[in-house]
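The values are calculated or read from the model by the stated rules, or taken from the named source; none is laboratory data. Just so it is clear, the model here is predicted, and its values are computed rather than measured. For the accessible areas, the whole protein counts, side chains as well, though only heavy atoms, and no ligand, DNA or RNA atoms are used. Shrake-Rupley method; radii C 1.70, N 1.55, O 1.52, S 1.80 Å.
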Amino acid sequence: MITEDVTVSAPAAPAPAAERPRRRPGAKRRAWDEVPRWHIYLPLGVYLLFTLIPFYWILLFALRPAGSTSLVPWPMTFEHFDKVWTERSFGTYFQNSVLIAVATLVMTTVVALAGGYALARFDFRSKRGFMLALLCSQFVPGALLLVPLFQIFARLRMINSLGSVVIAETVFQLPLSMILISGFIRNVPYSLEEAAWVDGCGRFTSFRIVVLPLLRPGLIAVGSFAFVHAWNHFLFALMFLSDQGKQTIPVGLNTLMSADSVDLGALAAGGIIAAIPVVVVFAFIQKWLITGFSAGAVKG
């Protein structure tokens, strides 16, 4: 009798399951791992909703026809923009606001740069008192400056002049700008200027070649804040400018509201025109605001 040897292969052992990475004994669970995601996204969504609804409402009134009650701006019209730009002289207001804001930016940056350098690099008597006075001046409301500034500009015959608004805005912006720029300059190592002096550069040349490039993020941030404040400020332009052809955007928006009625479409269109430069400026300085406070950092 012939017997055949039959080899029965054993079933293959299952592959070992991949081990989950073990947490170190001393590691702590983060609050983000313990909180469900919807607990975070739901409040953020509600906040975003309440933030975006006013912007949509402005766009709705600006783009839908007059007298319409639709919740969707369709058919879309630009008649309100044409009305405020031509009939309400918003083109002139826009030009005046640009001139005032740019001039304020330049004057504030230049004067604050010189004053901030003096505060950061020189020691003089009553330096701490001067810094304290600059800081305390930020608590003074701008309305308190109206009477003395009006008297000064009246004697200088600068009432109803764009220059008076530029000077007033610059005076109002200088204290904080000087404090910020002095902090930026202190972050620049003094040894860099000393090395430039050894190479034959004067103080001004060493400042222009060595220090100024390192201050670029800080200068852009300070100048942008000065621009936005001068663009949005209402009080100085209202008090010092009486000619309608020299008014600014905030004062022009005020003229769209009367005691009897308010043109909501024109007011919404004017608000969008006023907001466009501010949105563009903040979109531009967003990355500089993050890196601005590290201005002057050098690699060893």
note = Scalar couplings 3J(HN,Hα) for the range 119-133 by Karplus 6.51 cos²θ - 1.76 cosθ + 1.60 (θ = phi - 60°), nearest whole Hz, x for Gly and Pro, are 5, 7, 10, 10, 10, 9, 5, 6, 5, 5, x, 5, 5, 5, 5
ask   = So what are the ³J(HN,Hα) numbers for the range 43-55, from phi and the Karplus equation (6.51, -1.76, 1.60; θ = phi - 60°), rounded to whole Hz, Gly and Pro as x?
value = x, 5, x, 5, 5, 5, 4, 5, 7, 7, 4, x, 5
ask   = Can you work out ³J(HN,Hα) from phi for every residue in the range 202-212, in order, using Karplus 6.51 cos²θ - 1.76 cosθ + 1.60 and θ = phi - 60°, giving whole Hz and x for Gly and Pro?
value = x, 5, 5, 5, 5, 5, 5, 8, 9, 7, 4
remark   = Carbon/sulfur accessible area of the range 39-79, % of total, 1.4 Å probe, equals 82 percent
ask   = Working out 0.36 nm times the residue gap between Ser89 and Leu132, then minus their Cα-Cα distance, what length gain in nm do you get to one decimal?
value = 11.1 nm
Accessible area (Å², 1.4 Å probe, nearest 10) - Ile273 = 20 Å²
